[in-house]
There are 2 protein chains.
Amino acid sequence: MDKKENTTPDQDSTEQKIFDAAHEIFTQKGMDGAKMQEIADKAGINKALLHYYYRSKEKLYEAVVKAVMAKALPTVRQVIESELPLEEKITRFIDFYIGLISKNTFIPLFIISEINKHPDHFFENVMPRQLPQPEIFFRQVQEEVAAGKIRPIDPRHLIINIISLCIFPFLGKPLMRMLLGLSPEEMKKLLDQRKQEVTSFVLAGLKPVQQPESPIP
Amino acid sequence: MDKKENTTPDQDSTEQKIFDAAHEIFTQKGMDGAKMQEIADKAGINKALLHYYYRSKEKLYEAVVKAVMAKALPTVRQVIESELPLEEKITRFIDFYIGLISKNTFIPLFIISEINKHPDHFFENVMPRQLPQPEIFFRQVQEEVAAGKIRPIDPRHLIINIISLCIFPFLGKPLMRMLLGLSPEEMKKLLDQRKQEVTSFVLAGLKPVQQPESPIP
DNA sequence: CGCAGAATTAACCAAATGGTTAAACCTAAT
DNA sequence: ATTAGGTTTAACCATTTGGTTAATTCTGCG
């Protein structure tokens, strides 16, 4: 019998339609730019229903933010906290993370924007309790540095570098296009190469220093 | 005679006070988040004066955006288009750019956000006519690659990498803090090290490949 | 059927917000 | 001092917007 008793959040129930619409609008326009009427329209329902299911704009917004964060962070955790060898961990992280971003173009800017506007609120109410634990990664880096397998680097900077190289090109896509004078197609091609490029750039940047005698003659 | 005929924008004239207030509010809250009343309050004047000098919110906003872009881009140009040797050019660019960003924390997010919301409008109305010409830089990179002085790399990716490493850590500061579990002081310290860190990371990432035999035993 | 409770809607409300207006206020030149 | 023109303001206006209400429709069930 196909009643509606299952625990899954009722695929395409009204509530779900509202949430989906809100997700789209909020992530693209932010809290201030989003209008309740627009969300209702996109969901194909009456505006009053928004308040019937989610009491206020803030509540609805918060639901979206929480969902976004709850989806984005564990993926990072999973890779960061694993016990893979460092190089493979880095490779996988880049592959995975860039893949994620290219399928959710608006999310990074959304997170960054909103976290900047209400940092305190974010830290207190929105953050998933289970933050990634970078300690394993830190230790790995320190070990490999000590073993001379990679050049000395502060693991925190390394994480920052990797994440910057993954996220920013998508964030700044229009800016980069303009700066480099690229057509949309050229830009797309370039972004498609980022997995490869970031991986080799980071690994190259980690090679242990050999005294730079004379380059290949 | 000190009429008001000079070309300089009348230091702390009413118009200037309005512009300054608008600059602060708009860059921090974006077009949607900014309220005319708040700008008027910050400027210490009546709201009607905003419309007396700048006819509408959009006009005022546009004035701010144009000013921001007109200030941000030439600095990039200057370094990019110079004929300095590649390594020094990169070093200087990083030093200069990170310096600029740390003194104008809100600007990058502002530019990125607004360019993403109205890309067409940006490209048509707001962009300074004089875009940086990356050709010189491209050529330099290609030459050094050909000479075996740096490992093979697409110059466009190199620019993207450098800019990502410079800008993103400041954009994503709260996010990074959270991810790494750092106090505000620790985070500040880390950001203060970015000039050094980015420079060595990029230069390391450009070292020509020596076949990785056995690491130092 | 008929009824209870949930779902949905049209109409409405109050506050916020961008923008206007007409009057008041300078200030410099007559 | 008077006046003309730019500057500034308080009061006002129209629209937008988040939110509410009361009535209507829908749905399952005895």
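The values are calculated or read from the model by the stated rules, or taken from the named source; none is laboratory data. Keep in mind that what you see is a predicted model, and the values were worked out from it rather than measured. Positions of Cβ are backbone-derived with ideal geometry, glycine not excepted, and every protein chain shown enters the neighbour counts. SASA here: full protein model, heavy atoms, side chains in, ligands and nucleic acids out. Shrake-Rupley method; radii C 1.70, N 1.55, O 1.52, S 1.80 Å.
Being out of contact with any strand residue (DSSP E or B) (no Cβ under 9 Å at 6 or more places or on another chain), open to solvent by 80 Å² or more (accessible area, probe 1.4 Å) and of a type in the set (Asp, Glu) holds for only one residue in B:Asp12, B:Asp32, and it is B:Asp12.
Filtering the stretch B:115-136 to residues that are under 11 Å from A:Met178 (Cα atoms), in a helix (DSSP H, G or I) and modelled with pLDDT of 85 or more leaves only B:Ile115. Every condition in (1) open to solvent by less than 30 Å² (accessible area, probe 1.4 Å); (2) under 27 Å from B:Ile160 (Cβ atoms) holds for B:Pro74 except the one numbered (1). B:Gln196 meets each of the listed conditions (1) over 30 Å from A:Gln133 (Cβ atoms); (2) in a helix (DSSP H, G or I); (3) open to solvent by 20 Å² or more (accessible area, probe 1.4 Å); (4) more than 9 Å from chain A (Cβ to nearest Cβ) apart from (1). Take B:Glu114 and decide whether it is open to solvent by 40 Å² or more (accessible area, probe 1.4 Å) and within 12 Å of another protein chain (Cβ to nearest Cβ). It is false that B:Glu114 is open to solvent by 40 Å² or more (accessible area, probe 1.4 Å) and within 12 Å of another protein chain (Cβ to nearest Cβ). When we screen B:Tyr54, B:Tyr97, B:Tyr61 for residues that are within 14 Å of chain A (Cβ to nearest Cβ), modelled with pLDDT of 95 or more and touching a helix residue (DSSP H, G or I) at 6+ places or on another chain (Cβ under 9 Å), the only hit is B:Tyr61. Among the residues of the stretch A:140-156, the ones that are surrounded by 20 or more Cβ atoms within 10 Å (Cβ to Cβ) and over 17 Å from A:Pro85 (Cα atoms) come to 1 in all. Exactly one residue among A:Leu190, A:Leu180, A:Leu171 is within 7 Å of chain B (Cβ to nearest Cβ) and closer than 22 Å to A:Thr75 by Cα, and that residue is A:Leu171.
Applying the condition of being among the aliphatic types (A, V, I, L, M) and within 13 Å of chain B (Cβ to nearest Cβ) to the stretch A:22-38 and asking which residue is nearest to DNA strand D (Cβ to nearest atom) yields A:Ala34. Taking the numbered list (1) in contact (Cβ under 8 Å) with a residue 12 or more places away in the chain; (2) surrounded by fewer than 17 Cβ atoms within 10 Å (Cβ to Cβ) in turn, A:Pro108 passes all entries but (2).
Test B:Lys103 against the stated conditions and say whether it is more than 16 Å from DNA strand D (Cβ to nearest atom), within 30 Å of A:Lys29 (Cα to Cα), more than 14 Å from chain A (Cβ to nearest Cβ) and open to solvent by 50 Å² or more (accessible area, probe 1.4 Å). Considered against the rule, which asks whether it is more than 16 Å from DNA strand D (Cβ to nearest atom), within 30 Å of A:Lys29 (Cα to Cα), more than 14 Å from chain A (Cβ to nearest Cβ) and open to solvent by 50 Å² or more (accessible area, probe 1.4 Å), B:Lys103 comes out as yes. Among the residues that make up the stretch B:39-53, is at least one of them away from DNA strand D (no atom under 12 Å from the Cβ) and of a type in the set (Phe, Trp, Tyr)? No, the stretch B:39-53 contains no residue that is away from DNA strand D (no atom under 12 Å from the Cβ) and of a type in the set (Phe, Trp, Tyr).
Conditions (1) open to solvent by 20 Å² or more (accessible area, probe 1.4 Å); (2) closer than 27 Å to B:Ile150 by Cβ, marked per residue:
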residue: B:Ala21; (1), (2): no, no
residue: B:Phe26; (1), (2): no, no
residue: B:Glu38; (1), (2): yes, no
residue: B:Lys42; (1), (2): yes, no
residue: B:Leu50; (1), (2): no, no
residue: B:Lys57; (1), (2): yes, no
residue: B:Lys89; (1), (2): no, yes
residue: B:Arg92; (1), (2): yes, yes
